[in-house]
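S.K.: Let me give you the structure first, and then I'll get to my questions.
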Protein chains: 2
Amino acid sequence: MARPLTFWFEFASPYSYLSAMRIDAVAEAAGVKVTWRPFLLGPIFKAQGWDTSPFSIYPAKGQNMWRDIERRAEKYAVPFKRPDLSRAGAFPQNSVLAARAAIACLSEPWGPEFCRRVFRAAFEKDLDISQPDVIADCVEAAGGVDRIYMHMAYSHTQKVALREHTDHAQRLGIYGAPSFTVDSELFWGDDRLEDALEWALRD
Amino acid sequence: MARPLTFWFEFASPYSYLSAMRIDAVAEAAGVKVTWRPFLLGPIFKAQGWDTSPFSIYPAKGQNMWRDIERRAEKYAVPFKRPDLSRAGAFPQNSVLAARAAIACLSEPWGPEFCRRVFRAAFEKDLDISQPDVIADCVEAAGGVDRIYMHMAYSHTQKVALREHTDHAQRLGIYGAPSFTVDSELFWGDDRLEDALEWALRD
């Protein structure tokens, strides 16, 4: 019997996008149950002394990251559009509203579809996911009633839940996104998804 | 006709070790010619404001890195022993002498075997590769006359060549090890070796 896997993701993270677009298919093929778990990298990066993404802090790393994402997206047949970095807040995007909405939506069966819609808004269409109307459109497209879930996104419950997810991630030793956990075993990076699934299938 | 691939490695890097132990086999199977190219990460990290490995600077990242290396080594059936981090200089090791010796040895057909011996000394046996006798043993084991190549390792020519390799890596936008280049296309990380080989085979 396969152990369940938790998928820790951040809506501002392009590698999380790659995982989000493929995880349900590969996990289903492997027979592994996946829990989608949004969190924020900002507070975790801040604890490491970074005030933004390492891809922004280290230019050589950042430049190759975008190229790597393009190559990987092509490999997975996932559409990808580089964000227009001249736009303020284009990268990393402010993902707080999206993550709070996701926590509300993930109690519904269409939660993962909502998350994929948000990721596609960010990395296929280069939309500003800090905008409520962008998030509301994703709720509708995924099959929810936008007024209900947008109301929940702004509620205290979701705010607290997101903080708890982020604290939990930090306690597990998570330092980047996406990450995958199976019991206490931690895997970092979209390129470790297959390893994490294999781990879940071990005795 | 496959384009040649350059394998940029650093003897202090555990992920470079994983690539070194498997690159000749996978590249030969793919029909891709590989050039082994040692360089130093120290000056490149310094230019980014780091005085040591990011795995030492960021504890959560470092802790998971060792675990990830163990899992990957098992997957590739490569022996691996975590360095005893209580020993001064255990990680990252000073790899200057090893890299200078490698440049001399890589003009011989047994050069890659010398490099693998050094990597195994570091990551299979946890030996101090800054020690001349450790490097001399690797020369002998690979099929060279240790006196000759140790003499070359200390020569001005090798010192200059290593600096040039490192400058070249930096100009190419390399920021970590291992890296793979095919013409101007740059791939970072042991987990991108297969992608780099596929790239080399593209028209």
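Since every read-out is calculated from the coordinates, none of them should be taken as a lab result. Given the structure is predicted, the values throughout are model-derived calculations rather than measurements. Note that we place each Cβ from the backbone using ideal geometry, even for glycine, and neighbour counts take in every protein chain shown.
S.K.: Taking only Cα atoms and a 10 Å spring cutoff, compute GNM fluctuations for chain A and point out the largest among A:Arg117, A:Arg147, A:Arg72.
M.R.: It is A:Arg147.
S.K.: Can you give the mean number of other chain Cβ atoms that lie within 10 Å of the Cβ atoms in peptide B:49-56?
M.R.: Mean partner shielding for this stretch: 1.
S.K.: Going by how many other beta carbons lie within 10 Å of each one, how would you line up B:Trp36, A:Trp110, fewest first?
M.R.: A:Trp110, B:Trp36
S.K.: Something else about it: Taking the Cα centroid of segment A:155-190 and of segment B:174-193, what is the distance between the two, rounded to the nearest whole Å?
M.R.: Cα centroid to Cα centroid, the span is 29 Å.
S.K.: Continuing with this model, one more query. Mind checking the mean number of beta-carbon atoms from other chains within 10 Å of the Cβ atoms in B:185-192?
M.R.: Per-residue shielding by partner chains comes out at 4.
S.K.: Looking only at A:Ile135, A:Ile57, A:Ile174, which one moves most when chain A is put into a Gaussian network model with springs between Cα atoms under 10 Å?
M.R.: A:Ile57
S.K.: Further question: Pull out a ≥ b ≥ c, the square roots of the eigenvalues of the alpha-carbon gyration tensor of segment A:71-203, then state rounded if a/c is under 1.5, prolate if not and a/b is larger than b/c, and oblate in the remaining case.
M.R.: Oblate.
S.K.: Ordered shortest first, which distances in nm separate the 7 Å Cα→C-beta label point of A:Gly62 from those of the other copies?
M.R.: Copy-to-copy label distances for A:Gly62: 2.6 nm.
S.K.: Principal axes first, then extents: for the Cα atoms of segment A:1-118, list largest minus smallest coordinate on each axis, whole Å, largest first.
M.R.: Sorted from largest, the Cα extents of segment A:1-118 read 44, 30, 24 Å.
S.K.: Related question: Taking neighbour counts of Cβ atoms within 10 Å as a proxy for exposure, in what order, fewest first, do B:Val139, B:Val96 appear?
M.R.: Ranked by crowding around the Cβ, least crowded first: B:Val96, B:Val139.
S.K.: Looking only at other chains, what is the average number of their beta-carbon atoms within 10 angstrom of each beta-carbon in B:161-174?
M.R.: 1
S.K.: May I ask you to derive the relative contact order of chain A, considering only C-alpha pairs under 8 Å and at least 6 residues apart, and to give it as an integer percent?
M.R.: 32
S.K.: To one decimal in nm, how far is B:His168 from the same spot in the other copies, if labels go 7 Å from Cα toward Cβ? Please give the shortest first.
M.R.: 5.0
S.K.: I've got another one for you. Computed over the Cα atoms, what is the radius of gyration of the protein assembly as shown divided by 2.2 N^0.38 Å, N being its residue count?
M.R.: That works out to 1.06 for the protein assembly as shown.
S.K.: Just report the Cα centroid separation between segment A:88-143 and segment A:1-78, whole Å.
M.R.: 15
S.K.: Quick one: what do you get for segment B:1-62 if you divide its Cα Rg by 2.2 N^0.38 Å?
M.R.: Scaled against compact globular proteins, the figure is 1.38.
S.K.: Only bridges whose two residues both fall in segment B:5-201 count here: according to DSSP, what percent of them are antiparallel, nearest 5?
M.R.: For segment B:5-201, the DSSP antiparallel bridge percentage is about 60.
S.K.: Which lysines have a Cα lying under 24 Å from the Cα of A:Lys33, excluding residues fewer than 8 positions away in the same chain?
M.R.: B:Lys75
S.K.: Just A:Phe55, A:Phe114, A:Phe39 to compare: in a GNM of chain A, with alpha carbon springs under 10 Å, which one fluctuates most?
M.R.: Most flexible of the set in this elastic network: A:Phe55.
S.K.: Out of the DSSP beta bridges found with both residues in the protein assembly as shown, what percent are antiparallel (nearest 5)?
M.R.: Just about 60 percent of them are antiparallel.
S.K.: If you don't mind, there's one more thing I want to ask. Can you list the lysines whose alpha carbon sits under 29 Å from that of A:Lys46, skipping same-chain ones fewer than 8 residues off?
M.R.: Within the straight-line limit of under 29 Å, A:Lys46 reaches these lysines: A:Lys61, A:Lys81, A:Lys125, A:Lys159, B:Lys46, B:Lys61.
S.K.: Using Cβ contacts closer than 10 Å as the measure, can you line up B:Lys159, B:Lys61, B:Lys125 from fewest to most?
M.R.: Ranked by crowding around the Cβ, least crowded first: B:Lys125, B:Lys159, B:Lys61.
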